[in-house]
Amino acid sequence: WFRQGRILRGAKAVCFTTDEERRLARGTFQPYRCNEVVTGLGVAEPPPYAENQINAFHEKFPSLRNKRVLLFLGRIHRKKGIDLLLQAFEELATAGDHLVVAGPSEDGSFAEELLRVSSAFADRITWAGMIRGDLKWGALRVADALILPSHQENFGMVVAEALAVGTSVLITDKVNLWREVEDDRAGKVSTDDLSGIRSLMREWKNPSFSKLAPNARPCFEKRFTINTAARNLAVLVESN
């Protein structure tokens, strides 16, 4: 209270990456007084040659051609809600649906647990491991949707990357950029429990979900480009 409170109170501005981060900060301690400014955070433009990226993904995973792919891209960690995703996918996915889980495992026992619970539908799930470069961008472009069922995310860089290539997202309200996604209708948002993940799955299964795709890229351009974040910060510095 003596140290941080004084720093925040005396600052010209305190910068936040999202509006949700700004709101959550208010609960850190009392009294909390500062000049809050959402400057944003962003990612660079996707690399060019989209067709090469898509081909790289299909060459690595040829069985996924012409499949409706739901993509999880991130660390295999308990806070990511993957166990809930697997349960909801098993309950609600149909024959043409395929789940791709891509990312490094940080907990061997948890990864083994996930393999066990998904054994009943192993033919409809691909454990892609860590993917980078063209393979990663190809996965984001091929996906019908990116899903991030996390219990906590400071920002959610992979969400911004998905939006950058025009892919709609399914996220929980614990991913801090959820308000921006919801406001721009670039995806669907729900709670980070089983009921919420089921709701996201149902939204994805609804034919109307495809109408959100045209909103994804504009949402990225408006809010999540690195140039926008840099410009916002520069304007703030110059004005002070």
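The values are calculated or read from the model by the stated rules, or taken from the named source; none is laboratory data. In this text, all values refer to a predicted model and were calculated from it rather than measured experimentally. Backbone-built Cβ (ideal geometry, glycine too); neighbour counts: all protein chains shown. To get the accessible areas, we keep the full protein, side chains included, count just its heavy atoms, and leave off ligands, DNA and RNA. Shrake-Rupley method; radii C 1.70, N 1.55, O 1.52, S 1.80 Å.
May I ask you to work out the translational diffusion coefficient for the stretch 5-57 at 25 °C, viscosity 0.890 mPa s, via Stokes-Einstein with Rh from the Kirkwood sum over Cα pairs, reported in whole µm²/s?
Numbers: Rh = 13.9 Å.
Rounded to a whole number, D works out at 177 µm²/s.
Using alpha-carbon pairs under 8 Å, 6+ residues apart, how would you state the relative contact order of the stretch 87-221 in percent? Spell out each step's value before the answer.
Working: 192 pairs, mean separation 30.9, N = 135.
With pairs under 8 Å counted, the relative contact order is 23 percent.
With a Förster radius of 30 Å applied to the C-beta separation of residue 7 and residue 230, the computed FRET efficiency comes to 0.80.
Here the simple spin-label model places points 7 Å from the Cα toward Cβ, and for residue 121 and residue 51 these points are separated by 3.5 nm.
Report the rotationally averaged projected area of the stretch 1-133 based on its alpha-carbon convex hull, in square nanometres. Mind showing how you got there, number by number?
Details: hull surface 48.0 nm².
For the Cα atoms of the stretch 1-133, the hull's average projected area reads 12.0 nm².
Each peptide among 154-163, 45-54 gets the average number of other Cβ atoms lying within 10 Å of its residues, and from highest to lowest they stand as 154-163, 45-54. Put the Cα centre of the stretch 99-177 next to the Cα centre of the stretch 1-47 and the gap is 28 Å. Here the relative contact order of the chain, from alpha carbon pairs under 8 Å that lie six or more residues apart, stands at 22 percent.
Summarise the accessible area of the stretch 136-213 (1.4 Å probe, protein heavy atoms) by the percent that is carbon and sulfur. The value for the stretch 136-213 is 42 percent carbon and sulfur by accessible area.
Applying 1/(1 + (r/R0)^6) with r as the Cβ-Cβ distance of residue 90 and residue 237 and R0 = 41 angstrom yields a FRET efficiency of 0.25.
Hey, what D do you get for the stretch 129-169 in µm²/s if you plug the Kirkwood alpha-carbon radius into Stokes-Einstein at 25 °C and 0.890 mPa s?
On the way: Rh = 10.7 Å.
Rounded to a whole number, D works out at 229 µm²/s.
Modelled label positions at residue 68 and residue 195, each set 7 Å beyond Cα in the direction of Cβ, lie 2.6 nm from each other. With all protein chains kept in place, the per residue accessible area of the stretch 9-94 amounts to 53 square angstrom at a probe of 1.4 angstrom. Specify the angular offset, from 0 to 90 degrees and rounded to the nearest 10, of the alpha carbon long axis of helix 133-142 from the longest principal axis of the alpha carbons in the chain. That helix lies at roughly 80 degrees to the long axis.
Taking only the C-alpha atoms of the chain, Rg followed by Dmax gives 19.1, 59 Å.
Starting from the Cα-Cα distance between residue 23 and residue 44, subtract it from 0.36 nm times their residue separation and give me the gain in nm to one decimal.
Values: separation 21, 0.36 × 21 = 7.56 nm, distance 2.60 nm.
Additional length available on full extension: 5.0 nm.
Grouping the Cα pair distances of the stretch 75-189 into 5 Å bins from zero gives a pair-distance distribution of 2, 11, 21, 24, 23, 15, 4, 1 percent in increasing distance order.
Mind checking the full-extension length gain between residue 222 and residue 59? Use 0.36 nm per residue of separation minus the Cα-Cα distance, one decimal, nm. Working shown, then result.
On the way: separation 163, 0.36 × 163 = 58.68 nm, distance 3.34 nm.
Here the answer is 55.3 nm.
Measuring between their Cα centroids, the stretch 77-93 and the stretch 187-202 lie 10 Å from each other. With kT/(6 pi eta Rh) evaluated at 10 °C and eta = 1.306 mPa s, and Rh the Kirkwood radius from Cα pairs, the stretch 118-240 diffuses with a coefficient of 102 µm²/s according to Stokes-Einstein. Once the Cα atoms are used to define both axes, helix 50-60 deviates from the longest principal axis of the chain by about 50 degrees. Accessible surface area normalised per residue over the stretch 117-206 is 36 Å², counting heavy atoms of protein chains with a 1.4 Å rolling probe.
Beta carbons within 10 angstrom, averaged per residue: use that to sort the peptides 98-104, 172-178, 191-197, highest first. Write down the numbers at each step before the final one.
Numbers: 98-104: 20.6, 172-178: 23.0, 191-197: 17.4.
Sorting 98-104, 172-178, 191-197 by mean packing, highest first, produces 172-178, 98-104, 191-197.
What does the extension gain come out to for residue 107 and residue 130, with contour length at 0.36 nm per residue minus their alpha carbon separation? Provide the component values of the computation, followed by the final result.
On the way: separation 23, 0.36 × 23 = 8.28 nm, distance 1.42 nm.
Full extension from residue 107 to residue 130 adds 6.9 nm.
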